[in-house]
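First comes the structure, then the notes that go with it.
The values are calculated or read from the model by the stated rules, or taken from the named source; none is laboratory data. Here the structure is a predicted model, which is why all the values come from computation and not from measurement. Every residue, glycine as well, gets a Cβ built from its backbone with ideal geometry; the counts of neighbours run over all protein chains shown.
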């Protein structure tokens, strides 16, 4: 099966593009912890799209998701220091361990494309997938290293790249 994993699906912009692409994916799985955004993705109305109203992360948990309270384009993050400390809004959101989800839902012979744009959680997710060996199920990956936007996480991109150069 050809699967596209949209981690940090936001309002489904990428899912829509993938749905109409020449790549003809069998399934598009969208992971988005913001419930209001999940409802917008569901409105796309394709039986190829499955919306999960949780984010992937390094463990199963409920975490605060922070937002600047200004522009929707600022994105949300589990890392508070991504934002100016004034007017920060938080919402509790559900997260599921990435490697567990992979183990239960992705087969070794599936063709998997993973898109990560999750406002700072990408290194947590990648470390979890690499440490568990589940990353081997991924055929192609697109990563937006949003850790650059959080002072406390900024260093993690280079650490991840150095650690995984051999792969």
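Among 136, 149, which is the only one that is surrounded by fewer than 19 Cβ atoms within 10 Å (Cβ to Cβ) and out of contact with any strand residue (DSSP E or B) (no Cβ under 9 Å at 6 or more places or on another chain)?
Exactly one residue qualifies, and that residue is 136.
Looking only at segment 112-132, count every residue that is modelled with pLDDT of 95 or more and surrounded by fewer than 18 Cβ atoms within 10 Å (Cβ to Cβ) and tell me the total.
1
Criterion first (modelled with pLDDT under 65 and out of contact with any helix residue (DSSP H, G or I) (no Cβ under 7 Å at 6 or more places or on another chain)) does residue 109 satisfy it?
Criteria not met by residue 109.
From (1) closer than 19 Å to residue 142 by Cβ; (2) in contact (Cβ under 8 Å) with a residue 12 or more places away in the chain; (3) part of a loop (DSSP other than H, G, I, E, B); (4) out of contact with any helix residue (DSSP H, G or I) (no Cβ under 7 Å at 6 or more places or on another chain), pick out the condition that doesn't hold for residue 18.
(3)
When the residues of segment 30-51 are narrowed to those that are over 17 Å from the mean Cα position of the chain (by Cα) and under 21 Å from residue 102 (Cα atoms), which ends up surrounded by the most Cβ atoms within 10 Å (Cβ to Cβ)?
Ranking the candidates gives 48 first.
Checking residue 44 against (1) in contact with a strand residue (DSSP E or B) (Cβ under 7 Å, 6 or more places away or on another chain); (2) at pLDDT 70 or above, only one condition comes out false. Which one?
Result: residue 44 fails condition (1) only.
Just give me the residues in segment 90-106 being in contact (Cβ under 8 Å) with a residue 40 or more places away in the chain and touching a helix residue (DSSP H, G or I) at 6+ places or on another chain (Cβ under 7 Å), in sequence order.
Selection gives 97, 98, 106.
Please state which one of 26, 81 is over 17 Å from the mean Cα position of the chain (by Cα) and at pLDDT 95 or above.
26
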